[in-house]
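Peer 1: Attaching a single structure in C-alpha cells format; questions to follow.
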Amino acid sequence: MNRLQNSTSPYLLQHADNPVDWYPWGEEAFAVAKRENKPILVSIGYSTCHWCHVMEKESFEDKDVADFMNAFFVNIKVDREERPDLDALYMDVCEILTGEAGWPLNVFLTPDKKPFFAGTYFPIEQGGKRMSWFQALQYVLYNFREHKENVESQAHRVLEKMKKKQEIPDSNSKFSNGKSALSLHFYSLLKEKFDQEFGGFGHGKKFPNTMALELLLHDYLNRGKEEVLNFVRFSINKMLEGGIYDQLGGGISRYAVDREWKVPHFEKMLYDNALLMSLLAKAHKVTGRRKYKLAAFDVDRFIQENLKSESGGYFSGIDADSEGKEGEFYTWTYQEFEEVLGGEADLFAQYYGVKKESNFEGKNILQQTTEMFSYAVEQGFEVKDFREKLFEARMKLLGTRNERSKPHTDAKIITSWNAILGTAYTHLYTATGEEEYFEKAKGLLKFLNENLVSNSSQKVFRNITHGTIGEEGVLKDYAFLAKANLDFYHVSFDKKYLQQADKIVQWVNACFSDEEDLFFFDASSRREEDLLKRTDLADEEMPSGNAIMAEVLLSLANLLGNEKYRQRSEAMALKVMAITSTSPLNYPYWASLLLSMEEGIPEIALVGSNAFEKAVELQKAWIPHFVMAASTEEDDLPMLIGKPAEEDSLIYVCQNFSCQRPFVEIEKFRSEYSKFHVLATKR
C-alpha cells in the first residue's frame with residue numbers, strides 16, 4: 001500500500017493499493033519535489049467518477065507505468081470533493097492550457113508548484129487526438145529537463161491568465177426598482193438556448209440546469225407570460241420522463257449524454273437531487289400540479305433509501321459503475337424484464353420503452369415513453385387501476401434490481417451538499433405542509449451545526465467520513481450552511497438559527513476576505529498553500545459561494561438592521577450585473593437575486609398570537625428572496641421592534657425602504673400583493 005492508506009477519503013482509498021507511490025496533498029510531497037528537483041503530478045478525481053476508474057485500471061495499476069511515475073515524478077492524489085478549492089484552481093489551469101477540463105484531471109507543476117502542463121483522461125494507448133499516458137509523462141519529463149526556460153515561461157503565462165480570469169469588468173449599473181426590462185432581458189438570452197423539442201438548454205448533452213429553470217419561474221412571476229411557465233413545465237416533465245431520471249428508484253443522474261434525456265451518465269450526486277427537490281417544490285407552489293409534489297417525494301425516497309447515514313447526515317453520491325460496467329445496475333434485457341413481470345411484461349415494456357433488441361448497448365434504460373393517463377385509456381384501464389398496476393410492477397422490478405451488485409456509495413458527508421438538502425426540505429415543507437419535512441430539515445441542521453461547526457476555532461469543516469472530521473471547509477460550506485440556518489429560521493422562527501447564520505457570516509468576513517476585495521475567496525486565509533486567491537463567481541453545478549453570501553448578507557441586513565451587510569450585498573450584485581447580463585445561463589442564481597433587488601425584497605413581519613400560523617400560510621406561495629420574521633409577543637429583533645402583539649396578528653410589509661399599513665386579514669394582504677394571492681389560490 002502507498003501513502004494514501006491512512007486517508008478517510010473513499011477516492012484516495014481506491015488508490016491506496018496502486019503501485020504508484022501516491023502522496024496526499026501536503027508539505028511532505030512538496031518538500032520531496034524541491035529536494036529531488038522533480039516535477040509534481042497533481043491527479044484529481046472523485047470516487048464515483050467513471051473515467052477516473054478507467055484511467056486507474058489502465059494506467060495507475062500498471063506496474064511499468066507506476067515505476068516510471070515513481071522514478072521521475074512526485075505524484076499527488078486529490079479528492080475534488082474534499083478539496084474543491086484545489087479542483088477549481090486546477091480546472092482553470094486545464095482550461096487555459098487545453099481549452100477543456102473534466103475528470104480525471106491531471107496537472108503537472110514545477111517543484112515550486114507552478115502549473116505548466118495539463119489534461120484530463122489519457123488512454124493507456126494513443127488513440128485519436130489523445131496521446132497515451134506514457135507519452136504524456138515522457139513529454140513532460142523531457143521538457144522539464146531539457147527546456148526549463150520554456151517550462152518557466154509557460155508557467156508564468158498560465159499564472160498571468162489565471163489572474164486575468166479573476167478580473168471582473170466594471171459595471172456602472174444601478175438598481176432601478178423596476179422589474180420587467182431586466183426580467184425580459186434574461187429571458188430573451190435564455191430563450192436563445194432553449195431546446196424547444198426536448199426541453200432544457202442546448203442541443204448536446206444535457207445537465208438538469210435547475211437554477212436556470214428557477215430563474216425562468218422567477219421571470220414568470222414578474223411578467224406572467226404563460227410561454228415562460230410552459231417551457232419550465234415542459235423541461236421538468238421531459239427530465240422526469242427520461243432515462244436521466246431513475247424510473248424505478250427515483251433520483252436524477254448528473255447529466256444525460258444525449259439531447260433527449262434518454263441515456264444518463266449514471267452517477268447520482270446528493271446536490272443534484274437536493275436542487276431538483278427544491279425546483280419541484282417551487283414548481284408545485286407556482287402551478288399547483290400534484291405531479292411535482294409526488295416527484296419531490298420520490299426524490300426524497302431515493303435520498304433516504306440510498307444516501308442517509310446512520311449518523312444523521314447524507315452521503316455524497318453513488319457510482320455510475322457496478323461489476324466493472326457503467327449503468328450495469330440500472331439496465332435491463334427484455335428477457336430480464338419478462339422474467340420479473342411475466343404476462344404483463346409487454347404492457348410495461350411499451351410504457352418504459354423496453355425493446356427486445358435493446359435501446360442501449362444490448363440492454364434497456366427505462367424511460368417513460370408515453371403519457372400515463374392517455375396510455376391507461378388506450379390500454380383499456382381506469383387511470384386509478386393502471387396507476388396501481390404500475391406501482392406494483394415498479395416495486396417488483398425494484399425488488400429484483402436491489403438483489404444485484406450495487407454501485408459504490410461515497411460515504412463522505414459534505415457540509416455544503418447537506419446544507420443544500422436542508423434548504424430543499426424547508427422548501428418542500430412550505431410547499432406541502434407535511435411536518436416530516438420540517439423535522440428532516442431540523443434534524444439535518446442539528447447534525448451539521450453540532451458535528452461540522454467548531455465555535456472554539458471559528459471554523460466550518462468540509463466533511464465527515466466514518467466519524468472522522470475533514471479539513472476546514474471552502475466558501476460554499478460556510479455560505480450554504482449559513483443559508484440553510486437562515487431558511488429554517490423562516491419556518492421555525494427560532495432565533496438560534498438566525499444567530500447561527502450571522503455567526504458563520506462573521507467568520508467568513510474574517511477569513512475569506514480582505515479590505516481590497518469585494519468578493520469572498522474560495523479558501524480561507526488560514527490555508528497558505530494555494531497558488532492564488534481564487535474567487536468563486538459562476539453558478540456551475542450549484543450556486544456560487546459568493547451568490548449565496550450576497551443573498552444571506554441581504555437577508556441578515558433586513559432582519560438584523562445591519563447596513564454594512566446590505567451595502568456589501570448590493571455592491572457584489574451590482575459588480576456582477578455586467579457579466580450576468582451577458583450570460584444568465586452561467587449566472588442564474590445571481591440573475592434571480594438581481595431581479596429581486598430590482599423589484600425590492602419583500603420584508604414581512606408578523607406579531608401576535610397566531611403569527612406563526614399566518615407566516616406558514618403566506619409561505620405557501622413562492623416569493624424569491626423574501627425576508628420574514630414572526631413572533632407571538634413583542635420582540636427585540638430589529639425587524640420586529642415597535643410592532644405590538646395583537647390577539648389577531650398583524651402583517652407588516654415593507655419594500656423598497658417604504659412600509660405599508662399593517663394588515664389583519666391574509667386575503668386583504670394578498671389582494672395588495674398579487675403574487676401571494678395568485679399563487680396561493682392556485683394550490
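The values are calculated or read from the model by the stated rules, or taken from the named source; none is laboratory data. Note that the structure is predicted; figures quoted are calculated from it, not measured. Glycine also receives a Cβ, built like all others from the backbone with ideal geometry; neighbour counts cover every protein chain displayed. With ligands, DNA and RNA removed, areas are computed over all heavy atoms of the protein, side chains included. Shrake-Rupley method; radii C 1.70, N 1.55, O 1.52, S 1.80 Å.
Peer 1: How large a share of the accessible area of the chain, in percent, is made up of carbon and sulfur atoms when the probe is 1.4 Å and the other protein chains stay in place?
Peer 2: Summing carbon and sulfur atoms, their accessible area is 47 percent of the total for the chain.
Peer 1: Once you have a ≥ b ≥ c as the square roots of the Cα gyration tensor eigenvalues for the stretch 523-653, tell me rounded if a/c is under 1.5, and otherwise prolate or oblate according to whether a/b is larger than b/c.
Peer 2: Here the stretch 523-653 falls in the prolate category.
Peer 1: So what's the gap between the Cα centers of the stretch 30-44 and the stretch 487-510, to the nearest angstrom?
Peer 2: Cα centroid to Cα centroid, the span is 42 Å.
Peer 1: Give the lysines reachable from K643 as a straight Cα distance under 29 Å; neighbours fewer than 8 places away on the same chain don't count.
Peer 2: K442, K483, K495, K496, K503, K564, K614, K620, K668, K675
Peer 1: Per residue, how much accessible surface does the chain expose to a 1.4 Å probe? Answer in Å², no decimals.
Peer 2: 40 Å²
Peer 1: If you don't mind, there's one more thing I want to ask. For the stretch 582-643 and the stretch 256-282, what is the centre-to-centre distance using only Cα atoms, to the nearest Å?
Peer 2: 29 Å
Peer 1: Straight-line reach from K396: which lysines have Cα under 27 Å away, leaving out those fewer than 8 places along the same chain?
Peer 2: Qualifying lysines at Cα under 27 Å: K238, K262, K268, K291, K293, K308, K325, K355, K356, K363, K384, K406.
Peer 1: From the square roots a ≥ b ≥ c of the eigenvalues of the alpha-carbon gyration tensor of the stretch 354-436, which class results: rounded (a/c under 1.5), prolate (a/b over b/c), or oblate?
Peer 2: Oblate is the answer for the stretch 354-436, as a/c is 1.5 or above yet b/c matches or exceeds a/b.
Peer 1: Another one. Among (i) 30.9, 128; (ii) 26.1, 84; (iii) 29.9, 104, find the value of Rg and Dmax of the Cα atoms in Å that was calculated from the structure presented, and write down its label.
Peer 2: Matching entry in (i) 30.9, 128; (ii) 26.1, 84; (iii) 29.9, 104: (ii).
Peer 1: Indicate the gyration tensor shape class of the stretch 1-117 (rounded, prolate or oblate), computed on the Cα atoms with a ≥ b ≥ c the square roots of the eigenvalues: a/c under 1.5 is rounded; otherwise a/b larger than b/c is prolate and the rest oblate.
Peer 2: Here the stretch 1-117 falls in the rounded category.
Peer 1: I'd like to know which of V576, W507, F72 lies farthest towards the positive end of the charge dipole of the chain, counting +1 on Cβ of Lys and Arg and -1 on Cβ of Asp and Glu.
Peer 2: Selected residue: V576.
Peer 1: Oh, and also: Given K412/K440; K77/K446; K412/K476, which pairs have Cα atoms separated by over 27 Å?
Peer 2: Listed pairs above 27 Å: K77/K446.
Peer 1: Name every cysteine in the chain that ends up alone, with no second cysteine's Cβ under 4.7 Å, or say none.
Peer 2: Those would be C94, C511, since no other cysteine Cβ in the chain comes under 4.7 Å of theirs.
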